[in-house]
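Asker: Sharing a structure here in structure tokens format.
The values are calculated or read from the model by the stated rules, or taken from the named source; none is laboratory data. Quantities reported herein were computed from a predicted structural model and do not represent experimental measurements. Cβ sites come from the backbone with ideal geometry, for glycine too, and all protein chains shown count toward neighbours. Calculation scope for accessible area: heavy atoms of the full protein, side chains included, ligands and nucleic acids excluded. Shrake-Rupley method; radii C 1.70, N 1.55, O 1.52, S 1.80 Å.
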Amino acid sequence: MQPRSRSHGSPLRGGDSFELSSPTSRIAASSPDGEGNLSFLREISASPIARHHNNSGMHTILSDPPEDSPIRLNSFTARARHDLSLLTDGQSSFTNLTNRLASPVRMPRGLLQEVSYRADYSCEDRLRIIRHDAAQQHLNKAATFFAEKLTAISDDTNDVYFLAQAYYQSQEYERALDLLNKKKTLNKSVQCRYLAGLCAIGLENWHDALDYLGPDNPFADKNAHLLMYDDSRRGNRVVTDITKLDGASDGLIKLESMMCYARGNAYLQLKDIDKAKSCFKEALRVDVKCYDALDALIQYNMLEEKIEWEFIMTLPYDEHCGSDSDLFRSLYMLQLKRYSHTADIQLAQKKAEEDHCLKKSLDVMHSTARTLLAECKYEECLDICQEIRKQDALYTKSIPTYITCLYELKMKDELYTLAQELVDRLNGKAVTWHAVGMYYLYIKKYAEARRYFSQATSIDQYFEDSWLGYGHTFAAEKDHDPAISAYITCSKLIPGSHLPYMYIGVQYMEQNMLDAGYEYLKRSAGKCNSDPFLLNEIAVYHYQTKQYPLALENLRNALKLAKDRQSPRSNLWEKLWANFGHVYRRMRKYDRALKCFRLALDKNPQNSDVHGAIGLIYHIQGRLGKALIEYNKALRDPKSDNTIRELIEKALQSNPSAPIMNIEEPDNIFSLRNGTDILENYVNEELAALESETANIADRLEEQPSSHSALSNNDLEGESILQYDEGDLSPKEDPRPKLSSKDWL
Amino acid sequence: MFSEQDIHQFKQQLQKAILICREHCLYNSTKWVTEILDGIPEHFLNNDQPFTIESNLPLLTTTDLTPELTATEFDKYQRAQVLFEQCQFDNVAAILKGYTAPRLRFLRLYATYLAGEKHKEEATQDIPVGPTEIQPKQNEALNGIYEELRPIRDSLDAFNLYLYGIVLCKREMEKEAAAALLESVKMYEYNWSAWMQLGTLASTTKQFYDLKERLDQELEKSIVKNLFLARLALEIHLPSNVFWEFMQPLEIHFKGSIYIKSQLAMAFYNALEYDKAEDLFDQIRQENPYRLEDMDVYSNLLYLQGSREKLSVLAHECIQIDQYQPETCCIVANYHSATGEIAESVKYFKRALKLNRSYHLAWTLLGHDYIELKNTDAAIDCYNRAIAINRRDYRAWYGLGQAEEMIDKPEHALYYYQKATELRPDDERMWKALGGCYGHLHQDDKALECYERAAALNNM
């Protein structure tokens, strides 16, 4: 048992102070898109030289470097550096040193020395080598010092570029920009333009950034092939073999693609989501390897389910990644949404884990977790999330998944601990405040939850989970209008998600504004038509508007989608079967309705709505004793409404005129031979009905008379009861909207 | 009907059952077995030789006590057993987490279930008893157990099936529960708790005979079956001749068993033969002065007999034994009720209920107290709770009928009287109440018919 103070107080409030004092928050404030910037840095430093030749890719002319310039040498050492940075990535600098000394593979420093001993190098060349080394080893002052000397000596664009880059790496964005402008490099070098764009982004001058980078891809009208094979890009006029000049053969990420990505980022910050989206897509099409663009598309959920699938599946992997195309394809497929193509994604997962030995990769593990979450297998998902956290507690991607699991598994204390830990360690991240919000949502303190969700969305305005959570806090209080407006904001910011529309639909339906609700449900289905939860909601609409065959069709489609993909523990089943039951009840196919209700009760024996509906069926059939038993079961739920009481009253009023002992002898409950009388096969029965709609109609015709005769016994009474039927007993969608939302939070 | 040989074998089975039930931490079953064994005539016992398992229990195989467990599993199990004895149920579940050997699975899930029950009780502990009380919570562990056992339903052993049966009962899946429990008792007859659980599923005469028929097919000749059917006949108030039919052939062999004696006493009590019942209860008390079980029934009997002095003595003695037992509280409450101190009586019933929330007898009697106090709302609430725990409690149904009549809702009363009559069709009082109710509702034909039934029963 938990100490009371924990659950009732609001202990997380103390966490606010962290926000002020933490250094991470400062970093985040200075770079609103911290991650993006970091990745820029990483890329630049990984291969600083390889692309300073690419200057004449623009329409401007840059003087080609002399044949024998140090640049060639530089590109050689840069490649060595590049390898180094890959090899030692993530290790501490000390181990780097020892490793480098110990292993011959990791000795580019020795290599460098060897190179620098070559007597025929000039002083400038040697300075350049030192400059690169300093920049590589994050000796920013040394890098600046030597770069500045070099610019003074040569005034070469390349040297200016590297000085600007040194400024950039010391986060002196304005200084770098000034330098690039003063030296008039922008018209000479694309690389410089790119750096200028990054600086502007660093300064949060999004419009400036677009000015530097161009509002559109300037290379787009050119034939992509031309660009790719453009000789001068490599700064080497001698090479004529086209394939060697191809981006794929060089193995590095194309500058054009990176610029597209940076452009997209600027648009995103300007809230021009469509533009941003197309920039990111372009970045990937130009170079599949530009993962940042993919990450942005996925993280901000910009693509609708179908489009996302098509886009990711049709990227030119073979062209850009050569023999690694399979690796890239598999890894990228793991980023897809989990509504359809499950088998393909599964295969990709297997490939990544087995063929490419990436079992231990966090992203690959996270992908497994996402699959499990989509199947509502919370326990298993939780295990993986915990494993991920053990490896890297600051891997933010999987934290929302983890939070959802904790929420669903009602692990309040763990949720609290997680939120507390995140507040301590990741104060400036949206996901931290999302965790705090979820905790308050769990303990039903909606005002606080709202506050923290909005804090999360103010840190990252594209954080879908928190937007939805924000809406759910209103929905939980039956405050429909603000809930709807929260969902609408979410739908505008996150174009790839069908959930906001679905929730809007549900909100309207709860207010009995059926057509408005349906409108949004349809829109939601337009974005993703393979979500069984959504189909279930649509079926509710059809049910409410008495279009029972349509309702059935949607329910059966939902069943088909859920059949193999939803864990038996998913809360979808209960809703689905209850709704099946209600539809059949209205269609007066009572036997089928009872079967479906039994399946619903199998998932949750306490479902008072279902008990009430079963009672109603017995009531209509004149089996008062059984009806009363079921009504009383429904009444056990303190939330059960007055309808049940009225129905009981009705049944009791008609009781005196019934035979004296109007209590039916129960069936022989001791007759069951083998244990499982649960209608497993019923799923298939419904699916078969979906397959053959004609058979369904025949079925209906066949059963119609029998239900009539059942009704004729007490025709008048049956009718009067059915009036209730239209009212409150309708299949309500989960009155606790946060529960249905869970699957996606 | 049962030969000496049968009884001898039965004795050996019981001796073995003690070891097996205890191995599974089924203490109620163990206790029951010991109480039966205690009544076995001395000539079946070999008292001139020291008791060894080898010489006395040839039926016992080694796998009964130490089945194929790995050394780790065995050690874990020993540890879990000790903690179970100390009622650290959550701890047991945690220690055995992930183990799926049948015995370990059973103890783990059983502990999970009990932990869930405990938490449920604790969660409702502070709430005051009365009509304002919110609905009782559910045992949170049930769904988890159900989901774990259901996929492997067909490969479960007797004990896991018993647990599965309990869960199904709680989920109101009666047919499946019956099948699971029947299979459990067929696999292992001497788990009395499984029989008791099976018994809760039958509440009408028809169901009794349905069950008997099925049992006769499954277990041809079984002493436990007879003991069970006798008990069930008592519990669902079948005419006393049904009880005797099963008990007579056993009574001779187990004269000394305290369990059998109290069964007989209950049978007389149910058949309204209060004097005979009182004699037997007196005898039981003399032989086992410290046994609190069934003494609540005895106190009811004394209350009905109006023997306040005996009730007072009983209450005092029970307080001496353990005043914090629900039975003791109930007896004291009965005493206060008999002396007209209803407020005191209510207090003690509430105390009994605080000690055991599912003490349905106390709920019913508390309801009666509230009727005396004219607090019909509270009475209805109490009766409803009694029914929620044991829907076969005809007194609660009857009480509900009375309460509804008091607040002038004859339609409601009629339904409740019908339920009471359904449970006890051979009790003229039920038919009279039903007749009166129909009279109120101006259904004179039906009223007359009911009175005729009552008169017919009275003449028998």
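Asker: Give the residue that is modelled with the lowest pLDDT, with candidates limited to residues of region A:152-177 that are part of a helix (DSSP H, G or I) and farther than 21 Å from A:Leu198 by Cα.
Answerer: The extreme case among them is A:Ser154.
Asker: Within region A:567-611, restricting attention to residues that are among the polar types (S, T, N, Q), in contact with a Leu (Cβ under 8 Å, 6 or more places away or on another chain) and within 14 Å of another protein chain (Cβ to nearest Cβ), which residue is farthest from A:Glu686 (Cα to Cα)?
Answerer: Residue satisfying both the conditions and the ranking: A:Ser608.
Asker: From (1) under 22 Å from the mean Cα position of the chain (by Cα); (2) among the hydroxyl-bearing types (Ser, Thr, Tyr); (3) more than 13 Å from chain A (Cβ to nearest Cβ), pick out the condition that doesn't hold for B:Ser345.
Answerer: B:Ser345 satisfies all of (1) under 22 Å from the mean Cα position of the chain (by Cα); (2) among the hydroxyl-bearing types (Ser, Thr, Tyr); (3) more than 13 Å from chain A (Cβ to nearest Cβ) except (1).
Residues are listed down the side, and each one gets a yes or a no for (1) within 11 Å of chain B (Cβ to nearest Cβ); (2) modelled with pLDDT under 70; (3) closer than 30 Å to B:Glu449 by Cα; (4) part of a loop (DSSP other than H, G, I, E, B):
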position	(1), (2), (3), (4)
A:Glu630	yes, no, yes, no
A:Lys639	yes, no, no, yes
A:Gln653	yes, no, yes, no
A:Pro659	yes, no, yes, yes
A:Gln704	no, yes, no, no
A:Ala710	no, yes, yes, no
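Asker: Another question about this same structure. Going by the structure shown, is B:Leu311 crowded, with 22+ Cβ neighbours inside 10 Å and not small (Gly, Ala, Ser)?
Answerer: yes
Asker: While we're on this one: Answer yes or no: is there a residue in region B:368-389 that is touching a helix residue (DSSP H, G or I) at 6+ places or on another chain (Cβ under 9 Å), at positive phi, surrounded by fewer than 21 Cβ atoms within 10 Å (Cβ to Cβ) and basic (Lys, Arg).
Answerer: Yes, region B:368-389 contains at least one residue that is touching a helix residue (DSSP H, G or I) at 6+ places or on another chain (Cβ under 9 Å), at positive phi, surrounded by fewer than 21 Cβ atoms within 10 Å (Cβ to Cβ) and basic (Lys, Arg).
Asker: B:Arg392 passes all but one of (1) within 13 Å of chain A (Cβ to nearest Cβ); (2) open to solvent by 40 Å² or more (accessible area, probe 1.4 Å); (3) over 22 Å from A:Leu647 (Cα atoms); which number fails?
Answerer: (2)
Asker: Take the residues in region B:211-229 that are out of contact with any helix residue (DSSP H, G or I) (no Cβ under 9 Å at 6 or more places or on another chain) and acidic (Asp, Glu), then tell me which one is farthest from the other protein chains (Cβ to nearest Cβ).
Answerer: Selected residue: B:Glu220.
Asker: Oh, and also: Being open to solvent by 40 Å² or more (accessible area, probe 1.4 Å) and of a type in the set (A, V, I, L, M, F, W, C) is the filter here; which residues of region A:516-558 pass it?
Answerer: A:Leu550
Asker: Just checking, how many residues over region B:156-190 are away from every other protein chain (no Cβ under 11 Å) and part of a helix (DSSP H, G or I)?
Answerer: Of the residues in that region, 9 qualify.
Asker: Please go through region B:201-232 and pick out each residue that is touching a residue at least 60 places away in the same chain (Cβ under 8 Å) and closer than 24 Å to B:Ile18 by Cβ.
Answerer: Of everything in region B:201-232, those that are touching a residue at least 60 places away in the same chain (Cβ under 8 Å) and closer than 24 Å to B:Ile18 by Cβ turn out to be B:Lys221, B:Ile223, B:Leu227.
Asker: With the requirement that a residue be away from chain A (no Cβ under 11 Å) and not acidic (Asp, Glu), what does region B:398-419 give you?
Answerer: B:Tyr398, B:Gly399, B:Leu400, B:Gly401, B:Gln402, B:Ala403, B:Met406, B:Ile407
Asker: Okay, next question. All but one of (1) modelled with pLDDT under 90; (2) assigned to a helix (DSSP H, G or I); (3) of a type outside the set (Val, Ile, Thr); (4) under 30 Å from B:Ile152 (Cα atoms) hold for B:Phe10; state the number of the condition that does not hold.
Answerer: Of the numbered conditions (1) modelled with pLDDT under 90; (2) assigned to a helix (DSSP H, G or I); (3) of a type outside the set (Val, Ile, Thr); (4) under 30 Å from B:Ile152 (Cα atoms), the odd one out for B:Phe10 is (4).
Asker: Considering only region B:90-101, how many residues are part of a helix (DSSP H, G or I) and open to solvent by 30 Å² or more (accessible area, probe 1.4 Å)?
Answerer: Matching residues across region B:90-101 total 3.
Asker: Among the numbered conditions (1) surrounded by fewer than 23 Cβ atoms within 10 Å (Cβ to Cβ); (2) among the aromatic types (Phe, Trp, Tyr); (3) over 36 Å from the mean Cα position of the chain (by Cα), tell me where A:Trp206 comes up short.
Answerer: For A:Trp206, the exception is condition (3).
Asker: Still on this model: Just to be sure I understand, how many residues within region B:33-57 are more than 12 Å from B:Ile18 (Cβ to Cβ), in a loop (DSSP other than H, G, I, E, B) and touching a residue at least 24 places away in the same chain (Cβ under 8 Å)?
Answerer: 4
Asker: Of everything in region A:366-406, what is open to solvent by 20 Å² or more (accessible area, probe 1.4 Å), of a type in the set (A, V, I, L, M, F, W, C) and over 15 Å from the mean Cα position of the chain (by Cα)? Give them in sequence order.
Answerer: Across region A:366-406, the qualifying residues are A:Ile384, A:Ala393, A:Leu394.
Asker: Out of the residues in region A:559-582 that are small (Gly, Ala, Ser) and within 22 Å of the chain's Cα centre (by Cα), state the one that is surrounded by the fewest Cβ atoms within 10 Å (Cβ to Cβ).
Answerer: Step by step, filter region A:559-582, then rank; the result is A:Ser567.
Asker: Anything in region A:415-432 that is crowded, with 17+ Cβ neighbours inside 10 Å and part of a helix (DSSP H, G or I)? List them, or say none.
Answerer: A:Leu415, A:Tyr416, A:Leu418, A:Ala419, A:Gln420, A:Leu422, A:Val423, A:Ala430, A:Val431, A:Thr432
Asker: Need the failing condition index for A:Tyr291 against (1) closer than 17 Å to A:Tyr194 by Cα; (2) open to solvent by 10 Å² or more (accessible area, probe 1.4 Å), just the number.
Answerer: Going through (1) closer than 17 Å to A:Tyr194 by Cα; (2) open to solvent by 10 Å² or more (accessible area, probe 1.4 Å) one by one, A:Tyr291 breaks only (1).
Asker: If you go through region B:261-281 one residue at a time, do you hit one that is in a helix (DSSP H, G or I) and within 30 Å of B:Asn160 (Cβ to Cβ)?
Answerer: yes
Asker: Could you check region B:430-446 and list, in sequence order, the residues that are of a type in the set (D, E, K, R) and either within 12 Å of B:Gly399 (Cα to Cα) or within 10 Å of chain A (Cβ to nearest Cβ) (or both)?
Answerer: B:Asp445, B:Lys446 - these are the residues of region B:430-446 that are of a type in the set (D, E, K, R) and either within 12 Å of B:Gly399 (Cα to Cα) or within 10 Å of chain A (Cβ to nearest Cβ) (or both).
Asker: Does B:Arg453 satisfy the criteria of being away from every other protein chain (no Cβ under 14 Å), assigned to a helix (DSSP H, G or I) and more than 30 Å from B:Tyr324 (Cα to Cα)?
Answerer: The answer is no for B:Arg453.
Asker: Going by the conditions given, is A:His472 within 28 Å of A:Leu415 (Cβ to Cβ), in contact (Cβ under 8 Å) with a residue 60 or more places away in the chain, in contact with a Pro (Cβ under 6 Å, 6 or more places away or on another chain) and open to solvent by less than 10 Å² (accessible area, probe 1.4 Å)?
Answerer: yes
Asker: For region B:122-156, enumerate the residues that are at pLDDT 80 or above, charged (D, E, K, R) and open to solvent by less than 80 Å² (accessible area, probe 1.4 Å).
Answerer: Once the filter is applied, which keeps residues that are at pLDDT 80 or above, charged (D, E, K, R) and open to solvent by less than 80 Å² (accessible area, probe 1.4 Å), region B:122-156 yields B:Glu147, B:Glu148, B:Arg150, B:Arg153.
Asker: I've got another one for you. List every residue pair whose Cβ atoms lie under 6 Å apart, where the two residues are 6 or more positions apart in sequence or sit on different chains, the first residue falls within region B:375-404 and is over 19 Å from B:Glu422 (Cα atoms), and the second residue, located anywhere, is at pLDDT 90 or above and of a type outside the set (A, V, I, L, M, F, W, C).
Answerer: Sorted first by the residue in region B:375-404, then by its partner, the pairs are B:Ala378/B:Tyr370; B:Ala379/B:Gly367; B:Ala379/B:Tyr370; B:Cys382/B:Gly367.
Asker: Scan region B:1-31 residue by residue and report those that are open to solvent by 50 Å² or more (accessible area, probe 1.4 Å) and touching a Ser or Thr at 6+ places or on another chain (Cβ under 8 Å).
Answerer: B:Arg22, B:Asn28, listed by residue number.
Asker: Output yes when any residue across region A:584-605 is part of a loop (DSSP other than H, G, I, E, B), open to solvent by less than 10 Å² (accessible area, probe 1.4 Å), within 26 Å of A:Arg338 (Cβ to Cβ) and modelled with pLDDT under 90, and no when none is.
Answerer: no
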